[in-house]
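First up is the structure itself, then whatever we jot down about it.
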Amino acid sequence: MNPKLLFWVPAVLRTAIILGVCTLLGWLFGWVEGLVLALAAMMVMVFTQLSYLFQLSNWLEDPQSAKLPDGWGAWTSIFSRLYKMRREDEKNQAELTEWLARFRQAMHLLPDGVVIMDDVLFLEWCNPAAEKHLGLTHERDKGMRVTNLVRNPDFMDYIILGRYEQPLTISFRDRKLIVQIIPFENRRQILVTHDATETERIEEMRRDFIANASHELRTPLTVIVGFLEIAASEGLDAATRSSHLKLMTEQGHRMQHLIEDMLTLSRLESVDYPLRAEPVDVKRLVDQVQRDADALSAGRHVVTMSVDGPDVMGSYEELHSAFGNLASNAVRYTPAGGQIHLSWKTSDSGAKFTVDDTGIGISPEHISRLTERFYRVDKSRSRETQGTGLGLAIVKHVLLRHSSTLKIKSEAGKGSSFIVCMPKSALVLPQIELQLH
């Protein structure tokens, strides 16, 4: 049946029945009494309808399905239909609220910044990444023009020109950002920001690595090629030829060591090269490191050692490479007559391998960069020390694979301490200690 008839038919029938009853009573008891009864009945009906209208009006101010009043007669059908409609609206609203919560959660977790603006660039919403990238605060800056909040000349030109097909790279708040505006709906735009600082840093490191590696290889090659050209162009006496061959051999070994270190570093960084941990006899390891340091020193230094700690789980070859690089650096950067001490001992957090020297020391501004590839405090000493510039980078990656860290303490002119800190989880404890734990 037509919904409109559901209201009017019962109302007309009730009115007709009441009028019929009143007519019958008027015929039986008199027309005046019948009229009074008819008026009273009509007043009751009017009051009832007004009461339901009043309840409906109050409910419309806060339309919740649980608060919908009960009805009588035609109002039963009306309130039933309103209840169904309101329940459907509440269900849709709950679904929209859930999807909105999911959307906001997803936007909060995005590493890229998202800013929603209207057609005249007034801020409507932004996620935490955008707040971090652009220095915005959603609660404080909502309703303000983004161009007043992001004061960057390149960004302003990008906005004015309106060429949004290509992203824009800007330097802002000490970060390298890639920004792009995307039209959204008719009266909204989305500003997307991507922090490319780390990518730029890695790319710069890659460029520096290639440049430095090329330089390190070119220098010995230039020496070797130069001597070969001299030898080919003129006859040389035995002493000169012997001197040239000695220098070429030294430069050839230098290239060989450099390539070996580059291959070692590449292997340590590879995810396809897992750590094969095994018990490492630290006493034997430190003994070997001391012998290597003595051989490199050739009697120019006093190299001592002390071992008072447990063995560890790890790779003997990798730890020998890391400890050996620290010891060889101490030898190279300690003047003749200096002292170098190697020690292995337990600590509160695990165990420590320390290399102390009385060498030239390092200024504070250089310490944080020592583990970078090819970084040198004094480039003029690189040929003198015969280092490849990759030793501490290798140490860093070996220790990362062993869940360990490197601490450096140094003072220019007074010597240095390089400390390898290994965690308790890497130690091989005696059986008695294992039982106590």
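The values are calculated or read from the model by the stated rules, or taken from the named source; none is laboratory data. Because the structure is predicted, anything quoted here is derived from the model rather than measured. Note: ideal-geometry Cβ built from the backbone for every residue, glycine included; neighbour counts use all protein chains shown.
Against the numbered list (1) touching a residue at least 40 places away in the same chain (Cβ under 8 Å); (2) over 18 Å from Gln290 (Cα atoms); (3) surrounded by fewer than 23 Cβ atoms within 10 Å (Cβ to Cβ); (4) in contact with a helix residue (DSSP H, G or I) (Cβ under 8 Å, 6 or more places away or on another chain), Ile360 comes up short only at (4).
Taking the listed residues Glu200, Glu216, the one that is closer than 18 Å to Leu258 by Cα, among the acidic types (Asp, Glu) and assigned to a helix (DSSP H, G or I) is Glu216, with no other qualifying. Only one of the numbered conditions (1) out of contact with any strand residue (DSSP E or B) (no Cβ under 8 Å at 6 or more places or on another chain); (2) on the phi < 0 side of the Ramachandran plot is not met by Gly162, and that is (2).
Residues checked against (1) in contact (Cβ under 8 Å) with a residue 60 or more places away in the chain; (2) surrounded by 13 or more Cβ atoms within 10 Å (Cβ to Cβ); (3) among the hydroxyl-bearing types (Ser, Thr, Tyr); (4) within 27 Å of Gly113 (Cα to Cα):
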| site | (1), (2), (3), (4) |
| --- | --- |
| Thr147 | no, yes, yes, yes |
| Gln166 | no, no, no, yes |
| Ser171 | no, no, yes, yes |
| Glu216 | yes, yes, no, no |
| Ser233 | no, no, yes, no |
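All conditions in (1) at pLDDT 90 or above; (2) over 20 Å from the mean Cα position of the chain (by Cα); (3) of a type in the set (Lys, Arg) hold for Lys176, with the sole exception of (2).
Looking at Gln189, Gln180, Gln256, just one residue is surrounded by 11 or more Cβ atoms within 10 Å (Cβ to Cβ), farther than 29 Å from Thr147 by Cβ and of a type in the set (S, T, N, Q), and that residue is Gln256. Among all residues of the range 283-296, there is at least one that is in the same structural domain as Leu342 (by TED's automatic domain parsing), among the small types (Gly, Ala, Ser), out of contact with any Leu (no Cβ under 6 Å at 6 or more places or on another chain) and at negative phi.
Checking each residue in the range 149-164 for being over 27 Å from the mean Cα position of the chain (by Cα), surrounded by 13 or more Cβ atoms within 10 Å (Cβ to Cβ) and not aliphatic (A, V, I, L, M) picks out Tyr158, Tyr164. The residue list Asp272, Asp261 contains one member that is at pLDDT below 90, buried (at least 17 other Cβ atoms within 10 Å of the Cβ) and closer than 30 Å to Glu372 by Cβ, which is Asp261. When Ala211 is tested against (1) without any contact (Cβ under 8 Å) to a residue 12 or more places away in the chain; (2) not in a helix (DSSP H, G or I), exactly one condition is not met: (2).
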